[in-house]
Amino acid sequence: MVTSLSTKLLNISISSMCKAKQLARAEDVIIDGIRLGVLPDVVTYNTLIDAYCRFVSIDAGYAVLHRMKEAGINPDVISYNSLISGAARKSLLSRSLDLFEEMLKSGVHPDMWSYNILMHCLFKLGKPDEANRVFKDVVLSGELYPSHSTYNVMINGLCKNGYVNNALMLFRNLQRHGFVPQVLTYNALINGLCKAKRLGAARRILMEFGQSGYEPNAITYTTVMKCCFRCRRFEDGLEILSEMRSKGYTFDGFAYCTVIAVLIKIGRIQEADEIIEQMLSNGIEPDLVSYNTLINLYCRQGRLDDALKLVDEIEKEGLECDQYTHTIIIDGLCKAGNFVGAQQHLDYMNTLGFGYNLVAFNCMLDGLGKAGHIDHAMKLFEAMEVRDSFTYTILVHNLCRDRRFLCASKILVSCLKCGFQVLRATQRAVIDGLCSIGFTNEARKLKSRIRIARLLR
C-alpha cells in the first residue's frame, strides 16, 4: 500500500518536472526513488518517453523504451503512441509507420489513438488509399469505436490530398448515421472546399454550421473570406467580413492585411483606411507584412512621406525591412515621377546588401515608359544585369505606346531567342503596329519567329 502510494507520488513529481522541461532533475528523482525503494512503473517511463519525444528527440524517447524492458516493465500502447505521435510531430512519418509495425510485432494492441496517428501519417505521406483502407478496417472490425478525432483526421486528410468530394460524401454519410460534427470538423471541410475554390459549397457548409447549434469561429469566417477574395468575389468576401464584425469577432494582423490589400486593389481606399484604424484600435501590433501592406496603401494614395515614416517606424520597432518593402517605395517614387529618388533608393538597397532586385528595376522601367521617358528606359534596359519575361513585356509594351514598332520588334525577337515569353496581347500590338506603318514584311517575319518559338517550347 505504501509502495503504491509512493510510486504515485513519484509519478506526480516526474510529470511536473517533465512539463517544466527539467528532464535531468526528473531522472535524478527516479534514481533517488529507487535508492529509497520506490520503484518506477509503466506510468513513470511513459511520462519520460513523452517528454523526451517532445523536448529532445525520438531517439532519446526510444532509449527510455529499452530502459523499461531492462527494468522488467513491458511497454504498453501508451508507450508506443507517445513515440509514434512524437515522430509524426517532427515529420518523421516513415519512422512512425516503423514504430507502429514494431508495436504489432511486440504483441501490443493498437487503440483508436494509434490508428488516428497512423492515418494522419499516411495522409501526410500522400497515401490516402492506404489511410482509407485502415479507416474501413477499423470501422468494419467493430472492436474499436472511431471518435470525433478519427473523423476529423479522415476529412482533413482527404481534403488535403485533393479528395474533397470524398470528404464531403463521408461527412454526409456520417451525418445520416447520427454523427454530430464539431467545430473542428466543419473547419476542416470548409478549409478543404475553399482550397479547391468551391466557394458555393463552402458557403453552404458555413450556413449549415451556423444552424447546427455551434458558432462558427474567426478561423471559419476568415477561411471563407479569403476564398472569396481568391475567387475574385470581392463583395462576397466583404459581406463575410461584415458578418464577422457584427458578431464581434476580431482577427489577426494577417487577416486584416488580406482585407486591406483587397480594398486597395479594388480602389476602396477610404474603407481600407477604416480597417487600418480598426486594426490599430484593437491593439494588434503590425508585423512586417502589415507594415508592407500599409506602405503599399500610402504609396497608392501618393502619400510618400507617410510611407517613408512607416519605414522609420519599422526600424524603431526592431524589425528589418525586406526587399518587398523597398520595392514598394521605389514603385511609389516612380509613380510619383521621382525617378532620381527611385534610383537613389535602389542604390541604398545595394548598400544594405540585398543584392540585385529585378522587381525594383522592372518597376523603374515601367515607370519611365509610362512617363514618356522611353530613351531613359532603353538605357536602363541595356544596363540591367538580369532580365525576365516581365522586363521584356514592359519595354515592348511601352515602345508600342510610343509607336516605336521596329524597335519593339527587335526587342521582342531578342526576348524569344532568350527563351522568354511576352504576353500575346503585346505580341499582337507589335505585329499590328508594324502593319500600320507599312512594314508588312517585317510583321510576317515576326509572326514566323513567334510560331517557331511556340513550337520549340
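Brief remarks on what is shown
- Any hit, the stretch 70-82, residues being among the aromatic types (Phe, Trp, Tyr), farther than 23 Å from VAL183 by Cβ and open to solvent by less than 10 Å² (accessible area, probe 1.4 Å): yes
- Pairing residues of the stretch 122-133 that are closer than 16 Å to ILE84 by Cα and open to solvent by less than 50 Å² (accessible area, probe 1.4 Å) with residues that are at pLDDT 90 or above and of a type in the set (Val, Ile, Thr), at Cβ distances under 8 Å and at least 6 apart in sequence or on separate chains, gives LEU122/VAL134; PHE123/VAL153.
- Scanning the stretch 86-118 for residues that are open to solvent by 10 Å² or more (accessible area, probe 1.4 Å), within 22 Å of VAL139 (Cβ to Cβ), in a helix (DSSP H, G or I) and not aliphatic (A, V, I, L, M) yields PHE100, GLU101, TRP113, TYR115, ASN116.
- Taking residues in the stretch 141-162 that are under 16 Å from ILE117 (Cα atoms), and partners anywhere that are part of a loop (DSSP other than H, G, I, E, B) and modelled with pLDDT under 95, the pairs with Cβ atoms closer than 7 Å and at least 6 places apart or on different chains are LEU144/ASP111; HIS148/GLN182; TYR151/PHE179.
- Residue match in the stretch 256-264 (condition: hydroxyl-bearing (Ser, Thr, Tyr), under 17 Å from ASN191 (Cα atoms), at pLDDT below 85 and not in a loop (DSSP other than H, G, I, E, B)): yes
- Yes/no for LEU184 being open to solvent by 60 Å² or more (accessible area, probe 1.4 Å) and of a type outside the set (Lys, Arg): yes
- Qualifying residue in the stretch 370-385 (condition: of a type in the set (Lys, Arg), under 27 Å from GLY341 (Cβ atoms), surrounded by fewer than 19 Cβ atoms within 10 Å (Cβ to Cβ) and touching a residue at least 12 places away in the same chain (Cβ under 8 Å)): yes
- When the test is whether a residue is more than 24 Å from the chain's Cα centre (by Cα), outside any helix (DSSP H, G or I) and surrounded by fewer than 20 Cβ atoms within 10 Å (Cβ to Cβ), GLU208 does not pass it.
- Among (1) over 25 Å from LEU310 (Cβ atoms); (2) open to solvent by 70 Å² or more (accessible area, probe 1.4 Å); (3) charged (D, E, K, R), the one test that GLU274 misses: (1)
The values are calculated or read from the model by the stated rules, or taken from the named source; none is laboratory data. Source: prediction; values computed, not measured. For neighbour counting, all protein chains shown are included, and Cβ atoms are generated from backbone atoms with ideal geometry for every residue, glycine included. Calculation scope for accessible area: heavy atoms of the full protein, side chains included, ligands and nucleic acids excluded. Shrake-Rupley method; radii C 1.70, N 1.55, O 1.52, S 1.80 Å.
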